[in-house]
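Novice: Sharing a structure with you now.
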Amino acid sequence: MLKTINCKINGRDMELQVDIRESLLDMLRDRLHLTGTKQGCGVGECGACAVLIDGQTLDSCIYMAVWADGKEIVTIEGITNDDGSLSDIQHNFVDKGAIQCGFCTPGFVVSATALLEEKPNPTKAEIRRGLSGNLCRCTGYTKILDAVESTAEQRGNKK
Ligand code: FES
Ligand code: FES
């Protein structure tokens, strides 16, 4: 059964026909070709599919597409600067070597974006807690934490 939803995705108002059984992840990847959002576990454990929904980080694999009606969604494709260049968080992931295979990276960047929005100068413990819903098989996490901490420091220096 199809249902019409209206939502904003990466700043664009959209009207979409979605299957009531369809996940937001499938809608983003299969209908809109926003393939930066990854499917890992598919059961809400790994954070590879994380997106922002009304500013909150949520796993799109366990969020039904119909629930997105009236919501504002931001995916990794919407996290770049307005001119399309990488955000400061993305730059720091590159600079700190926080990316290996890269599969987890969009989810981490999404979670880090929300974290620094909520807590501009987080402690190490708060960064760990903020990223605790994201799993990485490659990096050992230290460089990811460094990337987020550096971003917070750089933003603080600019004030
Ligand atoms: S794919 Fe959604 S949490 Fe793992
Ligand atoms: S960089 Fe490979 S899973 Fe994180």
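What follows is calculated from the coordinates using simple rules that are stated; it is not laboratory data. Given the structure is predicted, the values throughout are model-derived calculations rather than measurements. All Cβ positions, even for glycine, are placed from backbone atoms using ideal geometry, and neighbour counts span all protein chains on display.
Novice: Asn81 to Gln56: extension gain in nm, 0.36 nm per residue of separation minus the Cα-Cα distance?
Specialist: Using 0.36 nm per residue and subtracting the Cα-Cα distance, I get 7.1 nm.
Novice: Here's something else I'd like to know. So for the chain, if I pair up every lysine 8 or more residues apart or on another chain, how many of those pairs have alpha-carbons under 29 Å apart?
Specialist: 24
Novice: May I ask for the Kirkwood hydrodynamic radius of the stretch 44-118, worked out over all distinct Cα pairs and given in angstroms to one decimal?
Specialist: Mean inverse Cα-Cα distance, inverted, gives 12.9 Å.
Novice: Okay, next question. Net charge within 11 Å of Thr139 by Cβ-Cβ distance, Lys/Arg positive one each and Asp/Glu negative one each, not counting Thr139 itself?
Specialist: +2
Novice: Taking every eigenvalue of the Cα gyration tensor of the stretch 1-48, multiplying by 5 and rooting it, what semi-axes result, largest first, whole Å?
Specialist: Equivalent-ellipsoid dimensions as semi-axes: 20, 14, 8 Å.
Novice: Further question: Out of residues 5 or more away from Phe103 or on other chains, whose amide H comes under 5 Å of its own, with H placed 1.01 Å from N in the peptide plane?
Specialist: Amide H neighbours of Phe103: none.
Novice: For the stretch 88-158, just list the percent of Cα-Cα distances falling in each 5 Å bin from zero outward, please.
Specialist: 3, 20, 34, 27, 12, 3, 0
Novice: Turning to a different aspect of this structure: Please check which bits of the stretch 32-65 a label hung off Glu118 would reach, taking the label as a point 7 Å along Cα-to-C-beta and the cut-off as backbone N under 14 Å.
Specialist: The answer is 51-59, whose backbone nitrogens lie closer than 14 Å to the label point.
Novice: Next question, about the same structure. Report the dimensions of the stretch 18-83 along its three principal axes from the alpha-carbon atoms, largest first, rounded to Å.
Specialist: Rounded to whole Å, the extents work out to 35, 26, 22 Å.
Novice: Same structure, new question: Given N residues in the chain, what is Rg(Cα) / (2.2 N^0.38 Å)?
Specialist: Compactness ratio reported: 1.03.
Novice: Tell me, Lys71, Lys3 in order of fewest to most beta-carbon neighbours within 10 Å?
Specialist: Fewest to most other Cβ atoms nearby, the residues stand as Lys3, Lys71.
Novice: Continuing with this model, one more query. Could you please state, rounded to a whole Å, how far the C-alpha centre of the stretch 133-150 is from the C-alpha centre of the stretch 38-81?
Specialist: Their Cα centres are 19 Å away from one another.
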